[in-house]
Amino acid sequence: MLAPLPVALPLLLLVGASTAAQPSTPPGERADAPRVVMLSATAPKEVPELPIQPGRVTTFLLGAPLKLVGVELEEREGFSRVSVLEDMLTVLPSSDLTVGRRLKLRLRFMEGTAPASSDFVLVVSRTQVQPQVEVNLQPGTPYASWQEAEAERIELRQVRAELERERQKPDGLTGLLANGQVDETGLAARPLVSLWDFTQLPGQPLRVWKATSYRARGVVALVLEVDNVSSRPWTVAEASLVGEGGARLKVLRVWPTEPLAPGATRQRVVVEAEVTEEARTRGRFTLSLWQDGEPASVSLEGMTFP
């Protein structure tokens, strides 16, 4: 059973004088039949009048996807019991309430729900009571907004938690040591020279002059020195590393994420990949780079790792 939500203290002021008039039963309904209230985000709001009787319970049942987050009840002290759950409200008037008294009730729903609330007028009666009220959304009423808002809130909390975890991690050499990626054997490096160690076909937008490959525990990386010889900005969005036998390394990240300006020289591009027991990094690899939405347009053959 869901834990009861806190009930708001009386926040509504009584408008108009008390009257002994009783609410009429809607045509076609028995006085003791469940009252069905259909809500719409666009239709004008009608405020139903419901008879309540001292010592008799009235229950409000909410259909999916409506969920209660708050209740505003006028003269809350005049009720022996008010029980609030996520999908149900139960009120039990006491004998202190005067017959003919008109009390305002507002049900507030989860943020993003349309409509955001539903209003009722409870009329104290000596002989009549509405035992059950079913509150539903009108068929066709869009209600995905609250679901989307809740999903976004959950995702935002997860992103914030992940960012906080990343923020608390050390970076630089301390981070490598703390993560166990560098041990007493250090960080192995190998310089690679264009035309001697690796080859690149002419006509590609980035010209790679030299490269250095690195190996740490669980990862390898390539640091390229490049010129943007094309006439437009060029952004490294994705990369692949394919071995001689067709095995692919899992690329973890590429850097920088900003575009390289046309004509820029001696720019650094970093590609980092994961090394597992199944992924062998001995031998020669082909490195391919490409932009978003485009085929690979930079390819280097013969990349090796220490």
Problem - Estimated vicinal HN-Hα couplings, Hz - region 268-275 in sequence order (Karplus 6.51, -1.76, 1.60; Gly, Pro = x) - result: 9, 10, 10, 10, 10, 9, 7, 10
Practice task
Could you run the Karplus curve 6.51 cos²θ - 1.76 cosθ + 1.60 with θ = phi - 60° over region 200-208 and give me ³J(HN,Hα) per residue in whole Hz, x for Gly and Pro?
Solution key: 9, 6, x, x, 8, x, 10, 9, 9
Practice task
Enumerate the calculated ³J(HN,Hα) couplings along region 113-129 in order (Karplus 6.51 cos²θ - 1.76 cosθ + 1.60, θ = phi - 60°), each rounded to whole Hz, writing x wherever the residue is Gly or Pro.
Solution key: 6, 10, x, 7, 7, 9, 9, 9, 10, 8, 10, 6, 10, 8, 10, 10, 8
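Averaged per residue, what accessible area in Å² does region 240-306 show with a 1.4 Å probe, protein chains only?
Details: 3930 Å² over 67 residues.
Per residue, region 240-306 has an accessible area of 59 Å².
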Completion exercise
Residues whose modelled amide H sits under 5 Å from the amide H of Val37, counting only those 5 or more places away in sequence or on another chain, are Glu134, Val135, Asn136
Problem - Amide proton proximity set for Ala237, modelled H, under 5 Å, gap of 5+ - result: Trp290, Gln291, Asp292
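The values are calculated or read from the model by the stated rules, or taken from the named source; none is laboratory data. Not measured: the values here are computed from a predicted model. Side chains included, ligands, DNA and RNA excluded: accessible areas come from the protein's heavy atoms. Shrake-Rupley method; radii C 1.70, N 1.55, O 1.52, S 1.80 Å.
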